[in-house]
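Everything below concerns the one structure shown next.
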Amino acid sequence: MPETYRAEIRQLDLFADMEDSNFETLMRGTYVQTFPPRIDLITEGDPSDFLHIVLSGSVDLFACWNGRETSMATVRPVSTFILAATIREAPNLMSARTLEKSRIALLPSEDVRAVFDTDGAFARAIVRELAQCYRTVVKNTKDLKLRTSLERLANYLIRHSARAASSEFELNMEKRRLAAFLGMTPENLSRAFKGLEPYGVKVSGSNISISDPDDLARFAKPDLLIDDYST
């Protein structure tokens, strides 16, 4: 593995404080592969053979049931996915596919579990990461259960605008995936965008502009205990 990849992985909170020897043990079995867009990486229900780290590109985590599919999350660099399944030696609860050309590091799950049992700093980092993931799931569940579809879309746009530091920005996912992520059909999403027009939201393709952010915020009522994923 090129040294630049190792440095990227080492800087992740998950690996930053672990013993050098244990990090080297993990890296000996790790390999990096570049995947084209729309390639399936894992399938829900299958064993978790590798912990995945997205080094470049982006990955869609999605789930299927009874002929339906929904997007659960988008993973961007530099971050891991399927950590809980790796540690528990449990089946994947989600599938994953690349959204664009992506460079992925794959760490054998067996090695991750072995080091987890021997390296205290690594184990504590895993607990912190899983705790953050749990809190994110709670916030997503609150968003879905407590808000209408119009409120969910409004708060999503407010969060997106804050990350872009601009009231005009490009959606970072296609509308079909955004609808699934927000728990809507594509038709409902289209109606929701129209429903936000009185609050200053204008849509042109994937471009979003918010002419009156304060009015949109008064309608959306963003809440740190739902919308701030950093806590």
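Every number here is computed from the coordinates shown, using simple stated rules; none is lab data. Being a predicted model, the structure only gives us computed values, none of them experimental. Note that each Cβ is placed from the backbone with ideal geometry, even for glycine, and that neighbours are counted across all protein chains shown.
I need a count of the residues in the range 190-231 that are touching a Phe, Trp or Tyr at 6+ places or on another chain (Cβ under 7 Å), assigned to a helix (DSSP H, G or I) and of a type outside the set (A, V, I, L, M). Qualifying residue count, the range 190-231: 3.
Here's the yes/no breakdown for (1) outside any helix (DSSP H, G or I); (2) closer than 15 Å to residue 84 by Cα; (3) out of contact with any Leu (no Cβ under 6 Å at 6 or more places or on another chain):
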residue	(1), (2), (3)
96	yes, yes, no
113	no, yes, yes
116	no, yes, yes
123	no, yes, yes
126	no, yes, yes
132	no, yes, yes
136	no, yes, yes
177	no, no, yes
188	no, no, yes
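The test for being farther than 19 Å from residue 123 by Cβ, in contact (Cβ under 8 Å) with a residue 12 or more places away in the chain and exposed (fewer than 15 other Cβ atoms within 10 Å of the Cβ) does not hold for residue 89.
Of 71, 102, 56, all but one fail to be in contact (Cβ under 8 Å) with a residue 40 or more places away in the chain and under 23 Å from residue 141 (Cβ atoms); the exception is 71. For the range 1-37, give me each residue that is more than 18 Å from residue 83 (Cα to Cα) and under 21 Å from the mean Cα position of the chain (by Cα). Hits for the range 1-37 are 5, 33, 34, 35, 36, 37. Under the condition of being among the charged types (D, E, K, R), free of Cβ contacts under 8 Å to residues at least 60 places away in the same chain and over 17 Å from residue 212 (Cβ atoms), the residues counted in the range 148-196 number 8.
Within the range 126-163, the only residue that satisfies the criterion of being aromatic (Phe, Trp, Tyr) and surrounded by 12 or more Cβ atoms within 10 Å (Cβ to Cβ) is 156.
Total residues in the range 100-110 satisfying the condition of being buried (at least 18 other Cβ atoms within 10 Å of the Cβ) and either out of contact with any strand residue (DSSP E or B) (no Cβ under 9 Å at 6 or more places or on another chain) or hydroxyl-bearing (Ser, Thr, Tyr) (or both): the figure is 2. Looking at this structure, is residue 44 farther than 22 Å from residue 5 by Cα, in contact with a Leu (Cβ under 7 Å, 6 or more places away or on another chain) and touching a residue at least 40 places away in the same chain (Cβ under 8 Å)? So residue 44 fits the description; yes.
Listed here are the residues, each with its yes/no results for (1) of a type in the set (Gly, Ala, Ser); (2) surrounded by 11 or more Cβ atoms within 10 Å (Cβ to Cβ).
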residue	(1), (2)
3	no, no
7	yes, no
18	no, yes
26	no, yes
30	no, yes
